[in-house]
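Peer 1: Before we start, here is the structure in question, set down as structure tokens.
The values are calculated or read from the model by the stated rules, or taken from the named source; none is laboratory data. Worth saying up front: this structure is predicted, and the values here are computed from it rather than measured. Methodologically, a virtual Cβ is constructed for each residue, glycine included, from the backbone with ideal geometry; neighbour enumeration extends over all protein chains shown. Calculation scope for accessible area: heavy atoms of the full protein, side chains included, ligands and nucleic acids excluded. Shrake-Rupley method; radii C 1.70, N 1.55, O 1.52, S 1.80 Å.
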Amino acid sequence: MAALGSILSVVGGIGSLICLIMVLIKMFPAEGPLKGILAIICTLYAFIWGWMNASRFNMQNVMYAWTGCIVLAVIGGALSGMGAQSALEGFNSSNLPQLALMVAHVADLAF
Amino acid sequence: MLPHSLSPLGMAVPLKNELYTPILASIVQNRLASLMITSAAGLQAGLVSLGLPGWPCPFLHTVGLPCPGCGLSRAIIALVQGDWRTSLTLHAFAPLFILALALVVWATILPQKQRIWLIGQLEIVERRTGITAILLIGLVFYWLVRLLIFPEAFINLIKG
């Protein structure tokens, strides 16, 4: 599970980086270098800017790909986390009640 | 002799203009953009504070090196929870980002008249001081110092 998570995470990360660079290539001439730097610092801003200007710069496909890559990376990250939890505590992923208990415990800690 | 546009003085003028260009004011001018930034920041803060995977940094995931903004979410949450020490250790620019986010949130919810006033004031401050540009460049220097002088500690801190 952890290995699959890591693979998904890396694939999503590489895809995200490629899409980010493609958005930055459009963004730097259109918005200037300072907003470009802001987008490098806060890639979430680049993502929002990309979706807001997708039709203007004809990059809907890039944005769909980036969104897909983010979903992959998030799922990968979650699977890696579950794998690490399983390795640490001998967690059996087929045992769903234990998972529910763990979620309840995390929620309890958070609130 | 060089023409004025190629002389150091001629090149300094566009550079100065670029530095004093309003950035935050131009972002909050668009209410939809402000709303999306507010929602995304709220979602990210919620996910990170619950210990769930949030926005994945493409640089960290691919190259293994933190980007200039890595650690900001955790630093902001630590600061909101009153843990100054952890917040400043994770990212020294967290208080400034909280201020910028507060301005974006404020610009999102304000009525149109007050919103226009706020944008005008922001634009004046940014045009006079170039504060946003200075802070952005400072942030890049801060990241370079952490990456080049304390690389191991920095990467371990960000990777948790």
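Peer 1: Let me know the mean shielding of A:30-37 by other chains, meaning the per-residue number of their Cβ atoms within 10 Å of its Cβ.
Peer 2: Mean number of neighbouring Cβ atoms from other chains: 5.
Peer 1: Just how much of B:Ile109 is accessible, in Å², when a 1.4 Å probe is used and the result is rounded to the nearest 10?
Peer 2: 130 Å²
Peer 1: From Cα pairs below 8 angstrom and at least 6 apart in sequence, can you work out the relative contact order of chain B, rounded to a whole percent?
Peer 2: Values: 124 pairs, mean separation 51.0, N = 160.
Relative contact order, chain B: 32 percent.
Peer 1: Something else now. Taking all protein chains together and a probe of 1.4 Å, list B:Ile116, A:Ile14, A:Ile48 from the most accessible to the least accessible.
Peer 2: B:Ile116, A:Ile14, A:Ile48
Peer 1: Partner chain Cβ atoms within 10 Å, averaged over the residues of B:23-31 - can you pull that number for me?
Peer 2: Partner-chain Cβ atoms within 10 Å, mean over residues of B:23-31: 2.
Peer 1: For the interface of A with B, what's the total buried accessible surface in square angstrom, probe 1.4 angstrom, rounded to the nearest hundred?
Peer 2: Values: alone 7200 and 10590 Å², together 15240 Å².
Buried: approximately 2600 Å² between B and A.
Peer 1: Still on this model: Can you tell me which lysines have their Cα less than 30 Å from the Cα of B:Lys16? Leave out same-chain residues fewer than eight positions away.
Peer 2: Result set, ordered by chain and number: A:Lys26, A:Lys35.
Peer 1: Sort largest first and round to whole Å: the equivalent ellipsoid semi-axes of region B:65-123, each the square root of five times a Cα gyration tensor eigenvalue.
Peer 2: Three semi-axes, in Å: 28, 12, 8.
Peer 1: Return the average number of partner chain Cβ atoms within 10 angstrom of each residue Cβ along peptide B:58-68. It would help to have the intermediate numbers written out before the result.
Peer 2: On the way: counts 16, 6, 1, 13, 12, 3, 1, 0, 0, 5, 5.
That works out to 6 on average.
Peer 1: Which residue fluctuates most in the GNM of chain B (Cα springs below 10 Å): B:Val104, B:Val28, B:Val80?
Peer 2: B:Val80
Peer 1: Separate question: Could you let me know the centre-to-centre spacing of region B:84-106 and region B:41-66, using Cα atoms, in angstrom?
Peer 2: Centre-to-centre distance over Cα atoms comes out at 16 Å.
Peer 1: Moving on. Among rounded, prolate and oblate, which fits region B:1-155 when a ≥ b ≥ c are the square roots of the eigenvalues of its C-alpha gyration tensor, a/c under 1.5 means rounded, and a/b larger than b/c means prolate?
Peer 2: Note, shape of region B:1-155 comes out oblate.
Peer 1: Tell me, what HN-Hα J-couplings in whole Hz come from the Karplus equation 6.51 cos²θ - 1.76 cosθ + 1.60 at θ = phi - 60° for each residue of region A:55-68, using x for Gly and Pro?
Peer 2: 6, 4, 9, 6, 10, 4, 5, 4, 5, 4, 4, 5, 4, x
Peer 1: GNM, chain B, Cα, under 10 Å: largest mean-square fluctuation among B:Ala25, B:Ala33, B:Ala94?
Peer 2: Among B:Ala25, B:Ala33, B:Ala94, the largest GNM mean-square fluctuation belongs to B:Ala33.
Peer 1: Taking all protein chains together and a probe of 1.4 Å, list A:Trp49, B:Trp106 from the most accessible to the least accessible.
Peer 2: On the way: A:Trp49 15, B:Trp106 120 Å².
Correct descending sequence by accessible area is B:Trp106, A:Trp49.
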